[in-house]
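Asker: Dropping a structure here in structure tokens format, bear with me for questions.
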Amino acid sequence: MLLLYPFDLKPSEYMFKTTPNLTRIFLSLALGISSILSLSAQEIPTDESIIAAGESTFKTNCSTCHEIWDVRIGPALGGVTERRSVEWLIPWIKNSQAMIAAGDEQAVALWEEYNQTVMTAYPSFSDDDVLAILAYVKAETAAGPPVEEVTVASGGEGQGDSVSSTYLMAIIIILVVVLVLAVVALIIAAQTLVKHLKEVKDLDEAERDLVSQQFDVPAFLKSNSFVGTVIFIFTIIVLKTLIDGAFTIGVQQGYQPTQPIAFSHELHAGQYEIDCQYCHTGVRKSKSANIPSPNICMNCHSQIKNVGGEDGVSEEIAKIYAAIDYDPDTQTYGTNTKPIEWVRIHNLPDLAYFNHSQHVKVADLECETCHGPIKEMEVVYQYSNLTMGWCINCHRETDVNTKGNEYYDRLVKLHSEQSKEPMKVEDIGGLECSKCHY
């Protein structure tokens, strides 16, 4: 008998309508098992490299609003992989608003619990990216809350320089005091000797004139020896001042301009621990770290309108809204936009080449290496002098970061055959002129 396929039914509906009950049950079980297997495939990785990648992604994108053990803008994430399923977390992290709009009960509950704060969407994240983040969160949860470190009085980074400077200053002060005491002692001894010689009666006429003579100050000041000494010292001071001035041309260490918006790194990077790469997005992938655009500011300040939970919009945040023509009451954007005219602080001459990604991503240097205690700066200033000598000294003292980078394997082997010291940047051409001047 010829069976005709009814075109008003989907293939799956037709199959179920024309299949015996027992077969239907078997197919349902098979589909259920297949679904379970596909869900279970989304397991949280335990590989250390994936956890490390997840940590980097978390600190760059998520740490602005979330911590592992403390509630910040969003909930604490410790144990989130136990409270929520992986299958729910992946779409939630990629686009939470889509799940809220779809009416997901857990999504809506979180939305209401945290005052309808919009979570940044990350549609560019792959499932593997999200799983790496969850792997890092799970690893941090297993490690437990951090234990507060006790500051030790001795040791610590940079303390050796301060201790050496203190000792040096103490030695100088002691030497000056000893010198003054010696001069005073000599003067007292000379006066005592002169007084004693004046009382001696058997001195001849020449000896008595020598003892009785007075120091002629005007004659000394007019003497060729004194005038020559003064001219020599004055010339040395002038030359030293001119040389020091020449070496400081173009050096802006300590430069601290007033910015159009009073952005506090101490608050954002220090207190709230926002990763530098969250705002300076180019630091790991381009020559320039780039100045953040207002849309990055709006990831947080579309919801945070004032400091400390006060009513209204703060003066500085209002400047961001004015630049992008944003109305916080209606949450709408206009077309009358204008750039925020930030003042550049760290300036290198055009003849010098510097690449942020090479130093941050490849060399794995921290921002504080060049920019100083940025997390403590209410107003940012140029911490280092950024001179050529400063860069050269760094290349002479810094070990090359060769870990996990096959590019350096051959170089490390050749270097180890010639020296037992770690391979420095200068050993791989870090002092060649063309590295920075091309």
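The values are calculated or read from the model by the stated rules, or taken from the named source; none is laboratory data. Note that the coordinates shown come from a computational prediction; the quantities given were computed from them, not determined experimentally. Glycine gets a Cβ as well: all are built from the backbone with ideal geometry, and neighbour counts include every protein chain shown.
Asker: Return the only residue of ILE73, ILE93, ILE100 being in contact with a Phe, Trp or Tyr (Cβ under 9 Å, 6 or more places away or on another chain), farther than 15 Å from ILE133 by Cβ and touching a residue at least 40 places away in the same chain (Cβ under 8 Å).
Answerer: Values: ILE93 fails: farther than 15 Å from ILE133 by Cβ; ILE100 fails: touching a residue at least 40 places away in the same chain (Cβ under 8 Å).
None of the other options fit; the residue is ILE73.
Asker: Which one is farthest from THR60 (Cα to Cα), of the residues in segment 299-352 that are in contact with an Asp or Glu (Cβ under 8 Å, 6 or more places away or on another chain) and of a type in the set (Ser, Thr, Tyr)?
Answerer: Going through the qualifying residues, I end up with THR335.
Rundown of residues vs (1) without any contact (Cβ under 8 Å) to a residue 60 or more places away in the chain; (2) over 30 Å from SER384 (Cβ atoms); (3) surrounded by 13 or more Cβ atoms within 10 Å (Cβ to Cβ), yes/no style:
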site: GLY254; (1), (2), (3): no, no, no
site: PRO260; (1), (2), (3): no, no, yes
site: HIS268; (1), (2), (3): yes, no, yes
site: THR281; (1), (2), (3): yes, no, yes
site: PRO294; (1), (2), (3): yes, no, yes
site: SER314; (1), (2), (3): yes, yes, yes
site: ALA318; (1), (2), (3): yes, yes, yes
site: TYR321; (1), (2), (3): yes, yes, yes
site: ILE340; (1), (2), (3): no, no, yes
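Rundown of residues vs (1) among the polar types (S, T, N, Q); (2) over 30 Å from PRO373 (Cβ atoms); (3) at pLDDT 85 or above; (4) out of contact with any Asp or Glu (no Cβ under 8 Å at 6 or more places or on another chain), yes/no style:
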residue	(1), (2), (3), (4)
GLU82	no, yes, yes, yes
GLN97	yes, yes, yes, yes
ALA101	no, yes, yes, yes
ASP104	no, yes, yes, yes
ALA139	no, no, yes, yes
GLU157	no, no, no, yes
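Asker: Does segment 231-246 include one or more residues that are surrounded by 10 or more Cβ atoms within 10 Å (Cβ to Cβ), under 30 Å from LEU386 (Cβ atoms) and not aliphatic (A, V, I, L, M)?
Answerer: Yes, that holds for at least one residue.
Asker: State the number of residues belonging to segment 45-56 that are under 16 Å from the mean Cα position of the chain (by Cα) and surrounded by 18 or more Cβ atoms within 10 Å (Cβ to Cβ).
Answerer: Start the filter on segment 45-56 by keeping residues that are under 16 Å from the mean Cα position of the chain (by Cα), which leaves 55-56.
This time we only want the ones that are surrounded by 18 or more Cβ atoms within 10 Å (Cβ to Cβ), so: 55.
The total comes to 1.
Asker: Mind listing whichever residues of segment 367-420 are under 27 Å from PRO349 (Cβ atoms), exposed (fewer than 11 other Cβ atoms within 10 Å of the Cβ) and either more than 22 Å from the chain's Cα centre (by Cα) or of a type in the set (Ser, Thr, Tyr) (or both)?
Answerer: The one that is under 27 Å from PRO349 (Cβ atoms), exposed (fewer than 11 other Cβ atoms within 10 Å of the Cβ) and either more than 22 Å from the chain's Cα centre (by Cα) or of a type in the set (Ser, Thr, Tyr) (or both): GLY389.
Asker: Mind listing whichever residues of segment 97-129 are under 24 Å from GLY54 (Cα atoms), of a type in the set (D, E, K, R) and crowded, with 17+ Cβ neighbours inside 10 Å?
Answerer: The answer is ASP129, and nothing else.
Asker: Residue under question is ILE93, and the condition is that it be part of a helix (DSSP H, G or I), under 27 Å from THR46 (Cβ atoms), modelled with pLDDT of 85 or more and of a type outside the set (Lys, Arg); does it hold?
Answerer: Values: part of a helix (DSSP H, G or I): yes; under 27 Å from THR46 (Cβ atoms): yes; modelled with pLDDT of 85 or more: yes; of a type outside the set (Lys, Arg): yes.
In short, yes.
Asker: Based on what the data block shows, is TYR381 in contact with a Cys (Cβ under 6 Å, 6 or more places away or on another chain), of a type in the set (Ser, Thr, Tyr) and within 22 Å of GLN253 (Cα to Cα)?
Answerer: Values: in contact with a Cys (Cβ under 6 Å, 6 or more places away or on another chain): no; of a type in the set (Ser, Thr, Tyr): yes; within 22 Å of GLN253 (Cα to Cα): yes.
Considered against the rule, which asks whether it is in contact with a Cys (Cβ under 6 Å, 6 or more places away or on another chain), of a type in the set (Ser, Thr, Tyr) and within 22 Å of GLN253 (Cα to Cα), TYR381 comes out as no.
Asker: Can GLY254 be described as assigned to a loop (DSSP other than H, G, I, E, B) and at pLDDT below 90? Step through it out loud before you land on a result.
Answerer: Working: assigned to a loop (DSSP other than H, G, I, E, B): yes; at pLDDT below 90: no.
No.
Asker: Please enumerate the residues belonging to segment 236-283 that are small (Gly, Ala, Ser) and touching a helix residue (DSSP H, G or I) at 6+ places or on another chain (Cβ under 8 Å).
Answerer: Pass one, segment 236-283, residues small (Gly, Ala, Ser): 245-246, 250, 254, 262, 264, 269-270, 282.
Passing the criteria: ALA262, ALA269, GLY270, GLY282.
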